Ligand code: ATP
Ligand code: MG
Ligand code: MG
Ligand code: MG
């Protein structure tokens, strides 16, 4: 196929919209299955803040999918997913719950009773079929483009005859979403109206790490062999106590959280850099940078290791584990390790001083009886010491302080104004470079954001 193959998103879009070149091979493609490398650490889908703290959100994960391009639709998709889970994987139907779109009269969308009826037909018990709103059960990639109602499958890790329907979509560690079946039947037009598509399509996403945790009957994704080789290696390098595992509140010293964060982050870093991402201050590059900085600080704080060339030592383990399936991480391993070392070493230079400065700021806030760290302080840590806002938030949380996103945005705006004035008045260059400001704008809660992206 080589480099002439268009990016996967483009193929999906053309195929869904019916605009695919009829002479191309893709026009003949009616069905497909795949594993997509997904990154959700910025923009519309940003799970970064959950990572380490919950049992099933990662910044990088594999999304298994089956696709129909104008071929099979709801009935077949629902039947196939149910059969795979309950017959092939032999999951107990009593532990499974499904949802369908409840409809939205405000935008002229009917409830998806078709989906409900197919779930009933395959044998799902009525009290395991739930409705969901636009947020959970209507899938849209962005402001425009192919979209439609979706039906999700959730799993109760505990089971035992209970009915867990009230825990679905409630961030319960034991009741988790595993598979989203999206029924692509509309196109969101530039004027925001929904137009039926010429053909109807299926796009599903099944979280690989979540599936593994269920098939291996573990209490969390991190207790599976997706993560254990990395945990072993972390232990070996740092001399830390072993990962305790399970998923309770008793994470003595925060070490388990650090294991989860570091192992998660090295996966994102390795895959993103192998696919051409480089740490810098804009867009995707900033995702790589902030994830590395977040991870490096966790490693130093909880494993007490010296930062500078820590993450690169984990790369060979990941390559050994996943390089067969994803040869790009094998062929790019050396480059990935060099980039990681360079970036980590440069952060190591400011990390100490930044921590000292943070300590002073936090102490001052505490002495003044404040429960939060001021936006100006957060901005200063970002601007002077390269501390991503999400990292400062974690550090503040550790001391029981909060951060107001609005205040940070204000401080950013002030800095922007000041730098404009400075430039006008003295004819000097900008003190804050424009990339930093763009990067901050891209952070959640501070300004406009990108969508999640797949490398
Ligand atoms: P959740 O509600 O748990 O955040 P989601 O609704 O955002 O999941 P989808 O966009 O529907 O997820 O993605 C399809 C599937 O991908 C999910 O059902 C789940 O199995 C998996 N998935 C989504 N986000 C993550 C993540 N951050 N880490 C691991 N798996 C994920
Ligand atoms: Mg989500
Ligand atoms: Mg969901
Ligand atoms: Mg979902």
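Each value in this text was obtained by applying a stated rule to the coordinates, not by laboratory testing. Not measured: the values here are computed from a predicted model. Note: ideal-geometry Cβ built from the backbone for every residue, glycine included; neighbour counts use all protein chains shown.
Key figures for this structure:
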| read-out | value |
| --- | --- |
| Gap separating the Cα centres of segment 221-248 and segment 350-378, nearest whole Å | 32 Å |
| Residues in segment 47-66 reached by a label modelled at residue 135 [backbone nitrogen below 17 Å; 7 Å Cα→Cβ] | 47-50 |
| Estimated distance in nm for a label pair at residue 235 and residue 360, the labels positioned 7 Å out from Cα along Cα-to-Cβ | 4.2 nm |
| Antiparallel bridges, percent of DSSP beta bridges restricted to the chain (to nearest 5) | 85 percent |
| Relative contact order for the chain, counting Cα pairs under 8 Å that sit 6 or more residues apart, in percent | 15 percent |
| Residues residue 44 and residue 125, FRET efficiency given R0 of 45 Å [Cβ-Cβ distance, rounded to 0.05] | 0.85 |
| Virtual spin-label span in nm between residue 143 and residue 87, 7 Å along Cα→Cβ | 4.6 nm |
| Within the chain, helix-based [θ] at 222 nm, where runs of 4 or more DSSP H residues each add -39,500 (n - 2.57), nearest 500 | -13500 deg cm²/dmol |
| Length gained when the stretch residue 24-residue 76 is fully extended (0.36 nm per residue, less Cα-Cα span) | 16.1 nm |
| Stokes-Einstein D for segment 154-244, Kirkwood Rh over Cα pairs, 4 °C, 1.567 mPa s (µm²/s) | 78 µm²/s |
| Between segment 125-167 and segment 271-349, the Cα center-to-center distance that results, in Å | 35 Å |
| Segment 227-441, Cα convex hull volume normalised per residue, Å³ | 136 Å³ |
| Spatial separation of Cα centroids for segment 37-89 and segment 173-204, in angstrom | 13 Å |
| Modelled label reach - residue 353, point 7 Å along Cα→Cβ, segment 375-408 residues with backbone N closer than 20 Å | 376-389, 391-392 |
| Relative contact order computed over segment 274-336 (Cα-Cα under 8 Å; 6+ residues apart), in percent | 30 percent |
| Label-point gap, in nm, between residue 414 and residue 341 - each point 7 angstrom along Cα→Cβ | 4.2 nm |
| Rounded to 5, percent antiparallel among DSSP beta bridges of segment 11-215 | 90 percent |
